[in-house]
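Chemist: So that we are looking at the same thing, I have put the structure below in structure tokens.
Every number in this text was worked out from the coordinates using simple rules, so none of it is lab data. Values in this document were obtained by computation on a predicted structure and should not be read as measured data. Using ideal geometry, Cβ is built from the backbone for each residue, glycine included, and neighbour counts are taken over all protein chains shown.
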Amino acid sequence: MSPASQSLDVPAAFAASYGVGDPAARAWVAALPKLAADLLDRWDLRPDGLPGHGMASLVLPVRRADGTDAVVKFQRVTEETAGVPAGLRAWGGQGVLELYDHDPATGTMLLERLDAARPLSSVADTDDTAAMGILAGVMARLVAVEAPEGLRRLDDVAAAMLEEVPRALPAVRDPDERRLLRRCADTVAELIGDEPGNRLLHWDLHYDNVLAGQREPWLAIDPEPLAGDPAFELWPALDTRWEEVVVPTGDVTRAVLRRFDLLTEVLGLDRGRAVGWTMGRVLQNALWEVEDGGVGVEGAQVAVVSALLTREPAPPVR
């Protein structure tokens, strides 16, 4: 099939929203139809459905020459995406979707197709404990793998976070929230003085990033691979479907601790380090919020840290 016979209709919403104000990003969007035609021809694929998209990537369902289903994921090469192919190869499809092919020049990947209509959140709607058990099992499989060379490292990410704290804290208006973030920063400083770990982390593993599959019942998608301590992985799982699942329990602390205990037990984590690195994730989120013009810490993040600190002694404030 010739490139001319292949077509990609970029969804209007994605074309209109991606990379506004960034000429390079806009040029990438404009070039997507030609890129798709070239890669579909090179990999001997035919479109097999309408494209879907998130905020920064576009996914096209395709059929391979041998008749198997797959998807082509188009995304720019950035700091967040550069390590994805290496991470997927290291995992080798264990707990995560498989990488079939990769175009290093453009960052485009040919991936195993999962059932986007059946995320793990569909289980959580009726049984959060069962869904969290599945998520913990997937997470345990992923962090069992040693990170390959060349990935971003947690100690470097954490050190960069700490450098930003003095600049960012004055923007946080609430004094209690500032004290909380200082406590988080002190805890991160203690943790990076210890062994930061060498496990292969997903970085964003929550219910909507686990989909039903045919090869296995549940597999992870959309990793942002990082080398580090598995205790850094817990935050997205603790926060997942907060308004739909956690808040309606009427006892947020109990719900958070139930999730935390399940996750740390399945992964075999030291609970003190798990508390500390979760505080590090809250610090990271707050720094991103300030960078985007925010002036506070989201209520869910305060609630998670408050719940965890009922289980572990509070770290010292310097």
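Chemist: Dipole size in debye (nearest 20) for region 202-292 around its Cα centre, Lys and Arg Cβ +1, Asp and Glu Cβ -1?
Modeler: 400 debye
Chemist: Can you list which of the trypsin sites (Lys or Arg not before Pro) found in region 169-202 are DSSP loop residues with at most 10 other C-beta atoms within 10 Å? List each step's numbers first, then the result.
Modeler: On the way: sites: Arg173, Arg178, Arg179, Arg182, Arg183, Arg199; in loops: Arg173.
Of the trypsin sites (Lys or Arg not before Pro), the ones in loops of region 169-202 whose Cβ has at most 10 other Cβ atoms within 10 Å are Arg173.
Chemist: Quick one: Karplus J couplings for region 193-202, per residue in order, coefficients 6.51, -1.76, 1.60, θ = phi - 60°, nearest Hz, x for Gly and Pro?
Modeler: Whole-Hz 3J(HN,Hα) from phi for region 193-202: x, 9, 6, x, x, 9, 7, 8, 9, 7.
Chemist: How big is the charge dipole of the chain about its Cα centre, in debye rounded to the nearest 20, if each Lys and Arg gets +1 on its Cβ and each Asp and Glu gets -1 on its Cβ?
Modeler: Here the chain has a charge dipole of around 100 debye.
Chemist: Still on this structure, please answer the following. Taking all pairs of different Cα atoms in region 3-113, averaging 1/r and flipping that mean, what Kirkwood radius in angstroms comes out?
Modeler: Numbers: mean 1/r = 0.0695 Å⁻¹.
When all Cα pairs of region 3-113 are included, the Kirkwood radius is 14.4 Å.
Chemist: Once both labels are modelled 7 Å past Cα along the beta-carbon direction, what's the Ala65-Asp156 spacing in nm?
Modeler: Here the modelled spin labels are 3.8 nm apart.
Chemist: Calculate the FRET efficiency for Arg42 and Val77 from the Cβ-Cβ distance with a Förster distance of 22 Å, rounded to the nearest 0.05.
Modeler: On the way: r = 18 Å, r/R0 = 0.81.
With R0 = 22 Å, the Cβ-Cβ based efficiency is 0.80.
Chemist: Now a separate question. What does the extension gain come out to for Arg141 and Glu163, with contour length at 0.36 nm per residue minus their alpha carbon separation?
Modeler: That works out to 4.7 nm of additional length.
Chemist: Tell me which DSSP H helices of the chain clear both cut-offs, 20 Å or more of axial length from alpha-carbon atoms and a mean Kyte-Doolittle hydropathy of at least 1.0. Could the numbers behind the result be given before it?
Modeler: Details: long enough: 23-42 (28 Å, 0.40); 128-143 (22 Å, 1.38); 154-168 (21 Å, 0.33); 175-192 (26 Å, -0.45); 252-267 (22 Å, 0.66); 271-291 (30 Å, -0.26).
Those that pass (Cα extent of 20 Å or more, hydropathy at least 1.0) are 128-143.
Chemist: Which translational diffusion coefficient, to the nearest whole µm²/s, is obtained for the chain from the Stokes-Einstein equation, given a Kirkwood hydrodynamic radius over C-alpha pairs, 4 °C and 1.567 mPa s? Intermediate values should be presented prior to the final figure.
Modeler: Numbers: Rh = 20.9 Å.
Diffusion coefficient, whole number: 62 µm²/s.
Chemist: Next question. List the relative contact order of region 145-210 as a percent without decimals, with contacts defined as Cα pairs under 8 Å and 6+ residues apart. Show your work: numbers first, answer last.
Modeler: Values: 26 pairs, mean separation 36.6, N = 66.
Computed over region 145-210, the figure is 55 percent.
Chemist: How high is the relative contact order of the chain, in percent, counting Cα pairs under 8 Å that sit 6 or more residues apart?
Modeler: The value is 16 percent.
Chemist: Right, here's the next one. When a/c is below 1.5 the answer is rounded, else prolate if a/b is larger than b/c, else oblate, so apply that to region 119-308 with a ≥ b ≥ c taken from the square roots of the Cα gyration tensor eigenvalues.
Modeler: Details: a/c = 1.82, a/b = 1.24, b/c = 1.46.
Oblate shape, in that a/c is at least 1.5 and b/c is the bigger or equal ratio.
Chemist: Can you list residues whose amide H is under 5 Å from Leu97's amide H, if they're 5+ apart or on another chain and H is modeled 1.01 Å from N?
Modeler: Distant-sequence amide H within range of Leu97: Ala220.
Chemist: By how many nm would the segment from Thr249 to Arg311 grow when fully extended, if each residue of separation counts as 0.36 nm and the alpha-carbon distance is taken off? Don't skip to the answer; put the middle values down first.
Modeler: Numbers: separation 62, 0.36 × 62 = 22.32 nm, distance 1.93 nm.
So the chain would gain 20.4 nm between Thr249 and Arg311.
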